[in-house]
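First the structure, in the form of structure tokens, and then the observations on it.
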Amino acid sequence: MEAVLIAKNMGIAYWKEKSGKMAKNHEGHAVKCVIVTCMSPYIDPVDIFDLESGEAYVIRSGGNLVTAETIRCIILAMMNDPITDVIVLGHTRCTNANQSILDKNHAKLLEKIPHQSKLSELLATREKATKYFGIFKNEIDNVLVQVCNLSILKIIKPGVNITGMLYNTASGLVYDMAEITELKAKIDKNPGMHIEEFVPSRYTDFLNSQGVPASEPSPARPPVGNADVPMALEPMEGQEDLQGKMQAAGDGFDLMMKAMQKTITKAGQARVSIPKIRLPGIRAPRPPRALPETQ
Ligand SMILES: [Zn+2]
């Protein structure tokens, strides 16, 4: 795979040079947007929003979860650039909303991790592992929770706009915050409705303006990603020796986990001052009271 990537890079570098599209000098360029999205290989904000190079910072994590690391990156971006907007971009069919993936792999995963290490402790039960991986029940509620988790940034930059969006992987459409709320209300009323069936009225209006009959909304694209449970981890047969070596390396492994835990705990303490509210059907920290604009 490495050779394939290098060859592809060579081709694109040559093409850019020939077509005068070499990477621009970013001096004096101001980035205003941060997008927090999922690590899914099928979710590419550059493609989804037709972004130019240097138009937005993109921070990825499994399930577009806001972690201590996300906050660190956004604060860094804020120190570098006049950030005006921070957007959580969730997506339908997210692996992080699929508990069965964890259920299928959990036992085998535990076998592979050095026993009595911090990680094996964090993954000891199904409940603990679910919490560790941040598995959520649905993508809509998760976007709302992660938007709330970002509200801590208002302390640093009161005027920053923090919002959420949801990408429909079947149609390629993105729902904005108002549409996410509308969609949530529709699904609450009609639990049989699937998120991806929702077509915002602005899009039907757009199709009408293009002369496409309203009865034929977007040309349905095939779903991307693997919605089914993927192949489970390989069994441990023949790997006893590896397990022994990992056990021997357990000290180093634990040190790494301790360092990670320390960072998370520090971030957790920073969050304590944020009061909590309950969004419909979910738990979430509340945005801080409106702070006066500093500028
Ligand atoms: Zn995802």
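Please treat every number below as a calculation from the coordinates, not as lab data. Remember, it's a predicted structure, so these values are computed and weren't measured experimentally. No Cβ is skipped: glycine too gets one built from the backbone with ideal geometry, and neighbour counts run over all protein chains shown.
Residues whose amide H comes within less than 5 Å of that of Val36, counting only those at least five positions distant or on another chain, are Ile59, Ile87, Val88, Leu89 (H built at 1.01 Å from N in the peptide plane).
Between Lys112 and Lys21, the modelled label-to-label distance comes to 3.8 nm, taking each label 7 Å out from Cα in the direction of the beta carbon.
Of the cross-linked pairs Lys131/Lys184; Lys104/Lys154; Lys21/Lys154; Lys16/Lys137; Lys131/Lys154, which ones have a Cα-Cα span greater than 32 Å in the structure shown? Lys104/Lys154; Lys21/Lys154; Lys16/Lys137, as the Cα separations exceed 32 Å there. Available extension along the chain between Tyr132 and Thr204 is 21.9 nm, counting 0.36 nm per residue and deducting the alpha carbon span. Amide H contacts of Ile162 (H built 1.01 Å from N, in plane; Pro and chain starts excluded): Val86 sit under 5 Å, all sequence-distant by 5 or more or on other chains. Taking only the alpha carbons of region 3-138, we obtain Rg and Dmax values of 19.4, 57 Å in that order.
Residue exposure proxy: Ser151, Ser100, ordered by other Cβ atoms within 10 angstrom of their Cβ from fewest to most, comes out as Ser100, Ser151. Once the Cβ-Cβ distance of His29 and Met79 is raised to the sixth power relative to R0 = 25 Å, the FRET efficiency obtained is 0.95.
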